Amino acid sequence: MTPDSNIRRRALLKVGIAGTASLALPLAAVAARSYGFEAAEVADGVWLIAGAQDSLNRDNGGAIANTVLLRTGQGAIVIDTGSTALMGAEIRAFADQRLGGVAATLNTHHHPDHWFGNAAFADAPILSLGPTAQAAALNGQGYSDALYSILGPWMSGTTPVPPQSPVQPGAQSLAGRALTLMPLAGHTEADLAILDADTGTLIAGDLLFLDRAPTLPDADMATWRASLDSLGALQPSGTIPGHGPFHRSSAALAQTRAYLEATDARLMRAAELGLTPAEAMAAGPVPDFAGLGAMPEEYHRSVVQRWADYEQRALTTISDA
Amino acid sequence: MSALLTQLLPGGGPVRQDAAPGKADPWDSGMWPLHRADWLGDPADWRNDAAVVVLGPEAAEDAMHVPFTLDATGVGAVERIVVTIDYSPIPQVLTFWPGRARPLLGFGVKYESGSPLRASVQRAGGGWRMGARYVSAMGGGCTAPAAAHGQPDWQEGFGEMRARLWPDTGRLRVWLRHPQDTGLAPGIAAHHLTEMVLEDDAGQIARLELHAPVEENPALTFLLPEDVSGPVTIRARDTMGYRFVGEVAA
Ligand SMILES: [Zn+2]
């Protein structure tokens, strides 16, 4: 433990190319580019590498999701590892240089912006909820194809390494740090939220978004809202959403809930009024949320991803040949 | 006035076609002169026209389901609408004879690679007017990939038809469970819809010729004429001789 471990502090650290050179990555690719992360200690022993509030693209190299590192006496607990091998390697370099290595890695859910950096952490357990590991294994190749086409050279050397070990939910000590692992769902079929007992920090994964449009490819609106109720019953000292800044209010909870309700209502209304999905898309996002990061493209994607849910409710079976 | 309904959602304004009107192909595509000759008969009277509105996404989030809506109600009397995709292994998507219906159509397609989708509208007088939209096929990333597709369980619910008619706006939406196999995947024979017809007491309303690039479990939107008051019968058939019938009333 460092001498200042009992006081909350904020610190910034550049993790750049120097940190990655020691790792076994294709060096030609590594030498050409770097994420140059800034890591901030948002609570005692809780470090945040914040993702861009945007869609996956070549400007951000896929670094859009938050990565959290929890300091323990045995190294870091790394929560989510980014979209690429390079990103994982740079996170790993930070853990090695500042937190004494890696004790364990957690993947909050199966979307690739949260686990495609796993290869850099394969020498310690990579933990997730059971359905997350299954979905990651099942979809890994498809995600890989999509990410290579979107991110191009940023993906150099990236192969999917799905989480292997199931976590036991509940209150426990992980590498000596007291955590409550909450098995929730709704953003995907399995969403792991983590409450850090020492600091009271909630690491919510993609159940919470702040100032960036939520992604809905696997969403179940009713289940997600129930999970928000569970998170709303907590009294965290601070919250780290899956995408968006650390904050000490209930802002992400309120915004995510409002976004889901408004978007759910908009798509149901569109289907009930007989609009086509292309018309619902062309009408754009709910005006109150048009200014969020990754808009309007995230809304456009959501219309395609979720349209069938609403259309099936709006139409009536007239034949069952 | 546009027959589109985007303004029914808060914040949704009118939509315009954005490609420059005129005789030039806005995408300068190598395929278009060939397609124009093959499917339109190389007409002398042809141009890109903002009156043909084609709504679609910028990128194919799910390449198996790329939604489009075309609105040619600003063109005048329409004989038929030919929909093609430049860079598709099967470029011919569908041909729509609106008949008594208005020339508006919603549909979804499969997309192979980045390409314009074109709606070529033959006016009653003979000239052709085109609207088009370019769709990037790169996708949006976190897409659940095609694991749900290509499973040999298409017989389950095969032929189920869902529909609804909205008398206020004249909209009719039809959904049909059908695999729409292209025949391009190894070991899977082509099996897709070839025709859909709308009828009422007064006879045929509209007819649609369909091809393999139309999405699996297709959903189609029509704009009925004002003289339709009774129930509408929807008939469809496919390459294997299956026939599908359903009736929808307001
Ligand atoms: Zn995410």
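The values are calculated or read from the model by the stated rules, or taken from the named source; none is laboratory data. Note that the coordinates shown come from a computational prediction; the quantities given were computed from them, not determined experimentally. Glycine also receives a Cβ, built like all others from the backbone with ideal geometry; neighbour counts cover every protein chain displayed.
If you check B:Glu112 against the conditions, is it more than 11 Å from chain A (Cβ to nearest Cβ), at pLDDT below 90 and under 20 Å from the mean Cα position of the chain (by Cα)?
Judged against the criteria, B:Glu112 is a match.
How many residues, within region B:192-224, are surrounded by fewer than 16 Cβ atoms within 10 Å (Cβ to Cβ) and of a type outside the set (Val, Ile, Thr)? Please lay out each step first, then the result.
At the first step, the residues of region B:192-224 found to be surrounded by fewer than 16 Cβ atoms within 10 Å (Cβ to Cβ) are B:194-195, B:201-204.
With the extra rule that they be of a type outside the set (Val, Ile, Thr), the set shrinks to B:195, B:201-204.
Counting residues in region B:192-224 that are surrounded by fewer than 16 Cβ atoms within 10 Å (Cβ to Cβ) and of a type outside the set (Val, Ile, Thr) gives 5.
Name the single residue, out of those in region A:147-171 being out of contact with any helix residue (DSSP H, G or I) (no Cβ under 8 Å at 6 or more places or on another chain) and without any contact (Cβ under 8 Å) to a residue 40 or more places away in the chain, that is farthest from the other protein chains (Cβ to nearest Cβ).
A:Ala171
State all residues of region A:51-75 that are within 18 Å of the chain's Cα centre (by Cα) and over 17 Å from A:Phe246 (Cβ atoms); if no residue qualifies, say none.
Start the filter on region A:51-75 by keeping residues that are within 18 Å of the chain's Cα centre (by Cα), which leaves A:51-57, A:60-70.
The answer is A:Asp54, A:Ser55, A:Leu56, A:Asn57, A:Asn60, A:Gly61, A:Gly62.
Show the residue pairs that are 6+ apart or on different chains and have beta-carbon atoms under 6 Å apart, the first residue being within region B:232-250 and at the interface with chain A (Cβ under 10 Å from one of its Cβ atoms), the second being part of a loop (DSSP other than H, G, I, E, B) and aliphatic (A, V, I, L, M).
Close Cβ pairs (under 6 Å, with a partner that is part of a loop (DSSP other than H, G, I, E, B) and aliphatic (A, V, I, L, M)) amount to B:Phe244/A:Ala321.
Is there a residue in region B:7-26 that is β-branched (Val, Ile, Thr) and either more than 9 Å from chain A (Cβ to nearest Cβ) or closer than 30 Å to A:Tyr143 by Cα (or both)?
No, region B:7-26 contains no residue that is β-branched (Val, Ile, Thr) and either more than 9 Å from chain A (Cβ to nearest Cβ) or closer than 30 Å to A:Tyr143 by Cα (or both).
Just to be sure before I move on: is B:Arg80 in a loop (DSSP other than H, G, I, E, B) and among the basic types (Lys, Arg) in the structure I sent? Break it down stepwise before answering.
On the way: in a loop (DSSP other than H, G, I, E, B): no; among the basic types (Lys, Arg): yes.
No: the conditions fail for B:Arg80.
Here is a yes/no grid of residues against (1) within 16 Å of the ligand (Cβ to nearest atom); (2) not in a strand (DSSP E or B):
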site: A:Ala76; (1), (2): no, no
site: A:Ser83; (1), (2): yes, yes
site: A:Ala93; (1), (2): no, yes
site: A:Thr108; (1), (2): yes, yes
site: A:Ala135; (1), (2): yes, yes
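Looking at (1) crowded, with 17+ Cβ neighbours inside 10 Å; (2) among the hydrophobic types (A, V, I, L, M, F, W, C); (3) over 28 Å from B:Ala137 (Cβ atoms), find the lone condition where A:Ala178 falls short.
(1)
Could you check how many residues of region A:261-290 are at the interface with chain B (Cβ under 7 Å from one of its Cβ atoms) and of a type in the set (Asp, Glu)?
Looking only at that region, the number is 1.
Does any residue of region B:43-61 turn out to be within 14 Å of another protein chain (Cβ to nearest Cβ), at pLDDT below 90 and over 13 Å from B:Arg133 (Cα atoms)?
yes
Tell me which helices (runs of 4 or more DSSP H) are completely within region A:181-284 and hold 2 or more residues being on the phi < 0 side of the Ramachandran plot, within 14 Å of the ligand (Cβ to nearest atom) and buried (at least 24 other Cβ atoms within 10 Å of the Cβ), or say none if there are none.
A:251-272
Report, by residue number, each residue of region B:215-245 that is at pLDDT 95 or above and closer than 18 Å to B:Leu105 by Cβ.
Answer for region B:215-245, where residues must be at pLDDT 95 or above and closer than 18 Å to B:Leu105 by Cβ: B:Pro218, B:Ala219, B:Leu220, B:Thr221, B:Phe222, B:Leu223, B:Leu224, B:Val232, B:Ile234, B:Arg235, B:Ala236.
Could you tell me which residue of region B:131-179 is farthest from the ligand (Cβ to nearest atom), considering only residues that are within 16 Å of B:Ala60 (Cα to Cα) and modelled with pLDDT of 55 or more?
Filtering first and then ranking leaves B:Ala132.
So for region A:142-162 (the condition being away from the ligand (no atom under 15 Å from the Cβ), among the polar types (S, T, N, Q), crowded, with 24+ Cβ neighbours inside 10 Å and within 17 Å of A:Ser34 (Cβ to Cβ)), does at least one residue qualify?
Yes, region A:142-162 has at least one match.
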